Amino acid sequence: MSTARTLCVACERPIPRWLWSDVESRLVFIDEDITAARIVDGGNTMLLTLCPEGDDRRQTIAGRALRLVGAVQNSIEPRARILEEHRTSPPGCGCDIDALLAESREVHREVAGVAVLGPRLSSLVTALDATLVDLAGKLEAVPFTFPALIDPALLERLHAFQYFPHTLGFAAHLRRDLDALERFSAAARTDGDRVDAPADSFAAPRALLTPAVCYHLYGYLANQTLGEGRLVVTSLGKCFRHEAANMASLERLWDFTVRELVFVGSPEFVLAGRDAVQRLARELFAALALDHHVETAHDHFFGAEFRRQAPIQSAFELKLEVRATLPHKDTTLAVASYNYHQDFFGRRMNIRLPDGTIAHTACAGFGLERLAYALVSQFGIDPEKWPTPLRHQAKWPA
Amino acid sequence: MTGFAQLHDRVATIVADTFGIKAAEVVDDLAYGAIAPWDSVGHLDLLVALERSFGFALTSDLIPRLTSVRAIETYLADFEAQ
């Protein structure tokens, strides 16, 4: 029985337990009137929370939910394996960390998924990045600077439209049209977190917000042969993934910062590079006393692509995630990932080695806001209680 | 034709259809990554096609095991014998 603003959708078959969190996170993308989603009743029911506008669209929303489940229902269960476990029993922050960060003005929310970091968290992020730059230096990574915007044709070539359409963001600008500019100037207002403007104001998008730092490197290397047969790159970049109603605190931002290392070369070279990052990061996280584990993982592919890609990523351990403990929530948060793409990007972008074969690639990404969030969740926001390496490196404001 | 030869022919037909190659090119040593279409996504397509044809239950443990024609034939011979 549905109550006001809650829609219960009965599934034709129970959703397997291992799929619940994947389905729940996707359900908020299928309709703007869904504000939250839960699987209940042993997987037999989807419980959707609707905003008031959704009340008269229940049938449409229910149909979409069933379509989504149908697309992933028969997936092979990805093999989840914990590869490393590091327990440090951190003290925790002793309170609601999100409230504390807001009250102390260390996190100021602009709109959903967009946050300003105050001086302490900013110092922490800077210190974390400095340690990761040191790590990249040990691997002789060369620095690159990549833009926040990205060429749509590059994303199309890398199958981002096909694999991750639900999280893409577009850089919109106004049309080059005096009439449209005047209408916009006279009529544009904000309505909550939306821009209310004449429908014909915006030009067709010619750039997107970068969803992954390393994509730029593959575009840079397109149709090239690597002279030395190998390349290691590091870059600090902005990433944008619109996570709909899943966006919350610093755990899941729309606009976040990643320190990335990318390896291009033979399969042996890039896998050795990924292993080296994992080893050095293990030492770094041990020095930070970060309570975490490393496990096999998969990307959040859209719709039926999930069924094809997720089991493969897990089975061949192509994607590993570092998951830090959040003591206040009794859960974990992915703060870094180590990825082996095989020859996917090399083939798509025609990147070759001197012997003419297609280059393989691997990358490691460290989410700086998430790492900072995990650390303050585990140790609090008082710098005196911080692990020594960060206490020494961070330039704390008074 | 022996049972194993018949099994090879069935497997070769599915591998060839999945990857767009000739059945005669499907030798026992042919393996994951050896030809462009047999990449990670092609691998799952192949295993799903084999699952449909032979009726075994495809689990994630089988994905990294069945990575060559020989490994596939050995597994399917055991499966058919059960």
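The values are calculated or read from the model by the stated rules, or taken from the named source; none is laboratory data. What you see is a predicted model, and the numbers here were worked out from it, not measured in a lab. Heads up, the Cβs are rebuilt from the backbone with ideal geometry, glycines too, and the neighbour counts pull from every protein chain shown. Side chains are part of the model used for accessible areas, which takes the heavy atoms of the whole protein and leaves out ligands, DNA and RNA. Shrake-Rupley method; radii C 1.70, N 1.55, O 1.52, S 1.80 Å.
What to note about this one:
- Net charge dipole size for segment B:17-75 [Lys, Arg +1 and Asp, Glu -1 on Cβ; Debye, nearest 20]: 60
- Peptides B:60-71, A:363-374 ranked from most to least packed by the mean count of surrounding Cβ atoms within 10 Å: A:363-374, B:60-71.
- Model label zone, A:ARG194; criterion: amide N under 18 Å from point 7 Å along Cα-to-beta-carbon; scope segment A:30-68: A:30-36, A:50-58, A:61
- Zone of B:THR74's modelled label, taken as backbone nitrogen in segment B:1-17 under 16 Å from a point 7 Å along Cα→Cβ: B:8
- Dipole of chain A, positive direction: furthest Cα of A:VAL23, A:VAL233, A:MET247, with charges on the beta-carbon: A:VAL233
- Carbon and sulfur %, accessible surface of segment A:84-161 computed with the full protein complex present, 1.4 Å: 55
- Both radii come from the Cα set of chain B: Rg as radius of gyration, Rh as Kirkwood radius; their ratio Rg/Rh reads 0.92.
- Euclidean distance between Cα centres, segment B:2-62 to segment A:203-217, Å: 37
- Summary of the geometry: segment A:352-371 and segment A:42-118, compared by the centres of their Cα atoms, lie 28 Å apart.
- FRET efficiency, 1/(1 + (r/R0)^6) with R0 35 Å, evaluated for A:SER21 and A:GLN162 via beta carbons: 0.95
- Length available on full extension from A:HIS173 to A:CYS8: 0.36 nm per residue minus the Cα-Cα distance, which gives 55.4 nm.
- Shielding by partners for peptide A:340-352, expressed as the average number of C-beta atoms from other protein chains within 10 Å of each residue's C-beta, is 1.
- Scalar couplings 3J(HN,Hα) for segment A:5-11, obtained by applying the Karplus form with A = 6.51, B = -1.76, C = 1.60 to θ = phi - 60°, are 6, 10, 10, 9, 10, 7, 7 Hz; x denotes Gly and Pro.
- Segment A:288-398: proportion of alpha-carbon pairs further apart than 16 angstrom, %: 69
- Residues of segment A:108-131 with amide N under 11 Å of the 7 Å Cα→Cβ point at A:GLU384: none
- Gyration tensor (alpha-carbon) shape descriptor, segment A:175-278, a/c threshold 1.5: oblate
- Spacing of the modelled spin labels on A:LYS238 and A:ALA286, each 7 Å from Cα toward Cβ, amounts to 3.7 nm.
- Integer Hz, Karplus 6.51/-1.76/1.60 couplings in order for segment A:46-56, x for Gly and Pro: 9, 9, 10, 8, 10, 7, x, 5, x, 4, 8
- Pairs from the table (A:LYS238/A:LYS329; A:LYS329/A:LYS385; A:LYS138/A:LYS238) lying more than 25 angstrom apart at Cα are A:LYS238/A:LYS329.
- Sequentially through segment A:301-317, phi angles give Karplus couplings (6.51, -1.76, 1.60; θ = phi - 60°) of 5, 7, x, 5, 4, 4, 4, 7, 9, 4, x, 5, 4, 6, 5, 8, 6 Hz, Gly and Pro residues having no value and appearing as x.
- Local net charge near A:PRO90, Cβ-Cβ under 11 Å (Lys/Arg +1, Asp/Glu -1): +1
- For the protein assembly as shown, size of Cβ-based charge dipole, Lys and Arg +1, Asp and Glu -1, in debye: 380
- Choice from A:ARG58, A:ARG87, A:ARG175 with maximal GNM fluctuation in chain A (Cα, 10 Å cutoff): A:ARG175
- Counting only other chain Cβ atoms within 10 Å of each residue's Cβ, the peptide B:40-46 averages 4.
- Whole-Å semi-axes of the protein assembly as shown's equivalent ellipsoid (Cα gyration tensor): 39, 30, 26
- Neighbouring partner chain Cβ atoms per residue of B:57-66, average, 10 Å criterion: 4
- Among A:LEU128, A:LEU326, A:LEU178, residue whose mean-square fluctuation peaks in a GNM of chain A (springs only between Cα atoms under 10 Å): A:LEU178
- Projecting the Cα atoms of A:SER337, A:PRO211, A:PRO387 onto the charge dipole of chain A (Cβ charges, centred on the Cα centre) puts A:SER337 farthest toward the positive pole.
- Within segment A:66-213, the percentage of alpha carbon pairs spaced more than 24 angstrom apart rounds to 66%.
- Total formal charge among the other residues, if their Cβ is under 15 angstrom from that of A:HIS108, Lys/Arg +1 and Asp/Glu -1: -4
- Sites A:ARG105 and A:ASP129 - FRET efficiency at Förster radius 25 Å, r taken between beta-carbons, to 0.05: 0.70
- Debye-sum result for segment A:107-174 in log10 I(q)/I(0), which assumes one identical scatterer on each alpha carbon, at q = 0.20 Å⁻¹: -1.06
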